[in-house]
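The values are calculated or read from the model by the stated rules, or taken from the named source; none is laboratory data. Note that the structure is a prediction, hence the values are computed from the model and not measured. Virtual Cβ from ideal backbone geometry, glycine too; neighbours counted across all protein chains shown. All accessible areas refer to the heavy atoms of the entire protein, side chains included, with ligands and DNA or RNA removed. Shrake-Rupley method; radii C 1.70, N 1.55, O 1.52, S 1.80 Å.
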Amino acid sequence: MNRRGFLKNTAVVGAGLTLPGACGLVFRVLEASERVDLAVAQGAAPSQITRAAIDVLGGMKRFVTKGDVVVVKPNIGWDRTPEYAATTNPEVVGTIVKMCYEAGAKKVRVFDRTVSDSRRCYKQSGIADAAGAAGAEVSHIDDRKYRDVKMNGLALKSWPLYADVLEADKVINVPIAKDHGLSKLTLAMKNWMGVMGGWRSRIHQNIDESLVDIARAVKPTLTVLDAVRILTANGPTGGSLSDVKRLNLVAVGTDQVAIDSFGATLFGFKGSDLGYVRLGAKAGLGVMDLAKLKIKKIQV
Amino acid sequence: MIKNIRRASQAIFLFLFLFLFRQTESKGYDDLGYPVRLFLDFDPLVFITTVLASHTVPLAFYLSVILIVFTIFLGRVFCGWVCPLGTLNNMMGTLRKARPIGDRRRLYRWKYYILLFILAASLFRLHLTGILDPLSLLIRSLSASIYPLFNYAVRSFFDTIFHWNPPIIVQGSEFLYDLLKRSVLAFEQPLFVQSAFIGLLFLAVLGLNLIERRFWCKFLCPLGALLGILSRYALLRRSLGEGCDACGACETICQGGAIHDGDRWESGECLYCMNCDDLCPRNAVSFGFSTRGTPAALNLGRRNVLIAFASGIVSVPLIRTTAHSKPGYVNPRLIRPPGALEEREFLRACIKCGECMKVCITNGLQPTLLEAGLEGIWSPILIPRIGYCEYRCTLCGQVCPTGAIARLKLEAKQQVKVGLAMIDEGRCLPYAHATPCIVCQEACPTSPKAIWLEETNVRNREGRVIRVKRPRVDLELCIGCGICETLCPVMGQPAIYVTNVGESRSKTNQLLLPGAAK
């Protein structure tokens with residue numbers, strides 16, 4: 001083999017070796033150009049649909065970078081077992097924690113300020129065990145850790161929020177879709193009540209405006225709406241299996257308003273039926289009109 | 001040597017007691033998983049007086065039979081080797097110089113009079129045991145006062161460092177704080193009404209050791225008296241060898257004050273601490289099994305015995321002659337825990353040990369002062385503004401040693417009404433102030449919710465029509481758990497509150513026509 005031949009062969013082989021990587025890059029570019037806003041996955045296994053939906057958006061690596069401290073905030077508000085759909089599905093939470101670590105997270109924190117007794121909520125919901133098994137640091141709320149956050153919002157001037165959320169590199173909201181007596185539904189934006197300090201129930205006096213203010217202050221990286229089971233009546237506490245509907249679905253996106261607008265459709269509402277969705281869209285927090293969104297639905 | 005074995009035994013039982021006390025706390029599971037009542041189950045005084053007063057047999061009564069049989073053969077070993085309050089008295093007593101019992105011996109009788117008083121009262125179904133039973137007293141004092149105090153002190157210390165925030169030190173202190181939280185601190189700072197009062201009484205009991213070592217055990221303890229009577233013919237006896245010259249050394253170091261006048265020994269007062277065996281300069285003291293010699297009769301004085309017994313009997317009408325006995329009169333805020341027996345039966349069974357208050361997951365169970373009459377002092381009352389009754393929790397029934405609070409399965413407990421919630425329309429935001437608020441409805445745990453919302457138009461001052469949802473209470477569904485009252489954002493006097501009307505345990509304290517369909 002002469003020198004020219006060698007160089008030629010080397011070039012060909014080298015090009016060949018780099019091809020798969022190049023293809024991946026091309027696919028990623030294509031994917032990005034596809035710009036999925038909302039990934040909706042349906043299937044029997046909560047962990048699989050969670051993973052699949054996040055992968056549709058580009059995988060957890062798109063949202064979590066190496067060394068990040070991530071807060072995963074489920075709804076653990078009530079003392080109920082998972083089948084009553086009053087708290088976020090533990091498998092969904094566990095899967096997200098696991099995916100964060102796979103993406104290189106340094107630490108994943110899981111907590112919620114519960115309404116019923118915190119110990120019971122954490123245990124009975126199955127979330128403490130599932131998140132703990134996935135390696136998360138599961139902790140009860142420490143009352144000393146609230147920091148006053150200036151909002152100058154629609155309703156709230158300022159409110160104490162949980163420091164762990166404010167200090168995290170990435171925040172992932174993992175609400176469950178449920179019926180609610182005042183705000184009609186509790187979805188992603190309302191889940192932030194779990195990071196509020198103080199006498200938070202007072203915000204019910206001006207619920208829609210307050211929810212927009214809090215959601216604007218928190219700025220989640222990603223929202224995973226758990227609709228594996230939804231609570232269609234007697235919410236947000238539930239307590240009867242006849243009020244629970246199994247949808248086997250999760251919806252994932254980066255836009256809280258869009259997620260809530262989509263969540264409303266699971267109950268037969270429109271996004272515009274929810275005051276905080278309307279206000280959130282108006283305030284520029286996100287997009288309410290589902291027609292303007294690229295929604296990708298997959299079956300797993 | 002034996003003295004050190006005894007000390008080890010005291011340490012082990014005190015540790016076991018504190019361990020079980022610490023375990024009397026929810027970990028989030030439905031069952032507590034530890035026999036936290038264990039010490040009370042072994043208490044024969046609680047057993048006997050509960051049988052007399054409530055005409056029911058406590059669940060684990062056989063354990064106290066073990067202690068009775070044990071004491072008949074071996075004497076008051078329980079007092080000297082096991083009793084956690086005895087051990088604490090023992091430790092406190094070391095602050096006082098040891099001295100012979102001398103003339104103070106006459107004070108022994110007090111505890112027998114107290115015992116007679118309690119027995120006489122319980123014969124007439126007035127249950128006063130728990131006030132002075134050492135285990136009940138200790139658990140109540142620790143639960144309602146000493147443990148909260150300990151938590152408060154530790155938390156304040158670490159919180160101060162946390163807020164001061166000195167670099168490096170704060171990391172260390174937070175690490176230590178976390179360790180303490182996992183091991184000895186309560187999940188949340190427990191707080192009780194009367195904390196100081198109950199604590200001072202307990203500290204007074206400990207303080208008496210400065211007057212006389214083991215003052216409580218020698219002169220006051222009714223359980224000690226009962227065990228003393230049982231141990232009169234105990235087979236484990238002290239005997240003196242040839243070498244004894246009645247030097248009186250043992251009289252000085254005797255923990256029960258059982259030795260007097262040089263070589264006299266009272267079996268009913270001996271705590272079997274083994275100090276005399278160990279310290280006798282001539283090695284003349286030994287303990288062994290024998291039946292020789294009849295111990296001296298307990299001389300309490302016939303007149304005094306009669307007075308004590310009669311006082312116990314008289315105390316029954318004295319304490320019960322109160323408006324609480326009037327038919328139809330009920331203190332509306334006397335909300336009892338779920339599963340509590342009908343009030344009269346409840347008072348006959350409750351020994352005010354405070355275990356239910358210790359274990360109550362929301363801190364809502366508090367000790368009464370006079371809400372239930374003097375007879376009910378320190379019995380549990382739910383104060384919803386402090387804490388509500390958690391819908392899926394059954395812990396108070398699990399720890400109650402006498403069945404005053406029945407142990408209920410979850411499904412049964414969720415059907416029990418401890419009272420009913422009613423709305424104060426003059427304070428409620430949607431009613432009186434044209435302001436939206438659904439907090440009570442949101443948290444209502446029953447299914448369907450006992451609190452429902454009625455949507456209606458109201459006008460504000462400017463005449464603008466506002467649509468609000470007003471909470472209404474469905475009396476059939478409400479169980480009186482009180483979470484609505486706990487969370488009501490109208491501070492101070494709440495706009496929704498629970499009274500005990502409608503409580504399942506009462507036939508008379510009702511308001512709805514029985515069986516009336518809605």
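Along the positive direction of the dipole of chain A (beta-carbon charges: Lys, Arg +1; Asp, Glu -1; about the Cα centre), which of A:242, A:299, A:93 reaches farthest?
A:299
Given a 1.4 Å probe and no ligands, DNA or RNA in the count, how much accessible surface is buried by A and B, both sides, to the nearest 100 Å²?
Result for this pair: about 2900 Å² buried.
At a 1.4 Å probe, what is the % contribution of carbon and sulfur to the accessible area of the protein assembly as shown?
Of all accessible area on the protein assembly as shown, carbon and sulfur atoms account for 60 percent.
Of all DSSP beta bridges located in the protein assembly as shown, what percent are antiparallel, nearest 5?
So the antiparallel bridges amount to about 70 percent of the total.
Enumerate the calculated ³J(HN,Hα) couplings along the stretch B:62-71 in order (Karplus 6.51 cos²θ - 1.76 cosθ + 1.60, θ = phi - 60°), each rounded to whole Hz, writing x wherever the residue is Gly or Pro.
Residue by residue, the stretch B:62-71 yields 4, 5, 6, 5, 4, 5, 4, 4, 4, 6 Hz.
Any idea of the accessible area per residue across the protein assembly as shown, 1.4 Å probe, to the nearest Å²?
Per residue, the protein assembly as shown has 44 Å² of solvent-accessible surface.
Hey, what do the phi angles of the stretch B:122-128 turn into as Karplus ³J(HN,Hα) couplings, whole Hz, using 6.51/-1.76/1.60 and θ = phi - 60°, x for Gly and Pro?
For the stretch B:122-128, the Karplus-derived couplings read 6, 4, 9, 6, 9, 9, 9 Hz, x marking Gly and Pro.
Using a Cα-Cα cut-off of under 13 Å, which aspartates and glutamates could be cross-linked to residue A:66, ignoring same-chain neighbours fewer than 8 residues away?
Within reach: A:102, A:169.
How far, in degrees from 0 to 90, does helix B:84-93 lean away from the longest principal axis of the Cα atoms of chain B, to the nearest 10?
It is inclined by approximately 60 degrees.
Peptides A:40-49, A:84-93: what's the order by average Cβ count within 10 Å, highest mean first?
A:84-93, A:40-49
Return the whole-Å distance between the Cα centroid of the stretch A:104-121 and the Cα centroid of the stretch B:78-109.
The two parts, judged by their Cα centres, are 50 Å apart.
What fraction, in whole percent, of alpha-carbon pairs in chain B exceed 45 Å separation?
Summing the P(r) of chain B above 45 Å gives 25 percent of all pairs.
Can you tell me the order of B:244-257, A:145-158 when each peptide is scored by its average per-residue count of other Cβ atoms within 10 angstrom, highest first?
The densest-packed peptide leads the list: B:244-257, A:145-158.
Could you check which residue among A:59, A:181, A:235 shows the biggest mean-square fluctuation in a GNM of chain A with a 10 Å Cα cutoff?
Top of the fluctuation ranking is A:181.
Measure nothing but the geometry: give the 0 to 90° angle between the long axis through the Cα atoms of B:147-164 and the longest principal axis through the Cα atoms of chain B, rounded to 10°.
Approximately 60 degrees, to the nearest 10.
Could you state the angle between the C-alpha long axis of helix A:207-218 and the longest principal axis of the C-alpha atoms of chain A, as a value from 0 to 90 degrees rounded to the nearest 10?
40 degrees
Per residue, what volume in Å³ does the Cα convex hull of the protein assembly as shown take up?
Considering the Cα atoms of the protein assembly as shown, their hull volume per residue is 238 Å³.
Kindly tabulate the residues in the stretch B:357-393 with an accessible-area decrease of at least 30 Å² between the chain alone and the assembly of all protein chains, using a probe of 1.4 Å.
B:361, B:390, B:392
Which residues, if any, in the stretch A:89-123 have at least 20 Å² less accessible area in the whole protein complex than in the isolated chain, probe 1.4 Å?
Checking the loss per residue gives A:115, A:116, A:117, A:119, A:120, A:123.
Using only helices, what value at 222 nm comes out for chain B when you add -39,500 (n - 2.57) per DSSP H run of length 4 or more and divide by the total residues, to the nearest 500 deg cm²/dmol?
Here the helix-only value at 222 nm equals -11500 deg cm²/dmol.
Which ³J(HN,Hα) values, rounded to whole Hz and listed in residue order, are derived for the stretch B:341-351 from phi using the Karplus coefficients 6.51, -1.76 and 1.60 in 6.51 cos²θ - 1.76 cosθ + 1.60 with θ = phi - 60°, glycine and proline given as x?
Taking θ as phi minus 60°, the curve returns 5, 3, 3, 4, 5, 4, 5, 6, 10, 5, 9 Hz for the stretch B:341-351.
Go through A:106/B:27; B:417/B:507; A:123/B:181; A:107/B:181; A:178/B:449; A:73/A:157 and tell me which ones have a Cα-Cα distance over 20 Å in this structure.
Too far apart for the 20 Å limit: A:106/B:27; A:107/B:181; A:73/A:157.
Sort all Cα-Cα distances of chain A into consecutive 20 angstrom bins from zero, then give the percent of pairs in each bin up to the one containing the longest distance.
With a bin width of 20 Å, the distribution comes to 34, 53, 9, 4, 0.
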